[in-house]
Structures are given as C-alpha cells and as structure tokens.
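To keep things clear, I will list the structure first and then write my remarks on it.
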Amino acid sequence: MEERKEEGEAEIQEHGPEHWFSKWERQCLSEDEQLPPELQEEAAAAAQPEHKQQKLWHLFQNSATAVAQLYKDRVCQQPGLSLWVPFQNAATAVTNL
C-alpha cells in the first residue's frame, strides 16, 4: 500500500509545473533570474510607462463613452427615466481619468 502511495506521489511530481517547460524555456527562465538587480530594476522601469499609457487610454475611452451616453440620453430621454445614473457613470469615469 505504501509503495503505491509513493509511486503515485512520484508520478504527480513528474507532472508538476517544473516539467511543463522545455529545456530551452528553463534555461531562459534561469538566465532571467540571474540578471543583476540593477538590470532587473531597469527592465521593470521600462515596462511601467507603457502600462501607464495603456491605463490612461482605457480611462479616456471609458470617459468618452460615458459622456457620449449621457449626451445621447439627454436628447432621447424617455418620460419617467432619470438622467442621474448616466450622470453618475460619466462623472465617475471622468474623475478616474
């Protein structure tokens, strides 16, 4: 019984995440981990502006959509519906921007 348990555990370990990568991928990962700290910081700093730019663009798109919807709802307002929710959505989106 114990032997089956040990065999099962060994089989599970063989299929673990460390065995999912090819030899080349493991080599790349180990080289990446061996970068000097100043190069790791430099790489992280280089990626950060692109992330900020994408976030800003996404916030702009959300704001433009919310304001356009508010404008559309103002013109095509149905009786009994409030503009409060579209206004809140637009205000929140612009504030986040």
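The values are calculated or read from the model by the stated rules, or taken from the named source; none is laboratory data. All of these numbers come straight from a predicted model, not from anything done at the bench. Virtual Cβ from ideal backbone geometry, glycine too; neighbours counted across all protein chains shown.
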Single condition LEU56 does not satisfy, out of (1) modelled with pLDDT of 75 or more; (2) loosely packed, with under 10 Cβ neighbours inside 10 Å; (3) within 20 Å of the chain's Cα centre (by Cα): (2)
How many residues does the stretch 79-97 hold that are aliphatic (A, V, I, L, M), at pLDDT 85 or above and farther than 21 Å from LYS52 by Cα? 2
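Any chance the stretch 71-78 includes a residue that's touching a helix residue (DSSP H, G or I) at 6+ places or on another chain (Cβ under 6 Å), under 30 Å from LEU97 (Cβ atoms) and at pLDDT 75 or above?
In the first step, residues of the stretch 71-78 are kept if they are touching a helix residue (DSSP H, G or I) at 6+ places or on another chain (Cβ under 6 Å); the result is 73.
If we keep only those that are under 30 Å from LEU97 (Cβ atoms) too, we end up with 73.
Add one more test, that the residue is at pLDDT 75 or above, and what stays is 73.
The answer is yes, given that some residue of the stretch 71-78 is touching a helix residue (DSSP H, G or I) at 6+ places or on another chain (Cβ under 6 Å), under 30 Å from LEU97 (Cβ atoms) and at pLDDT 75 or above.
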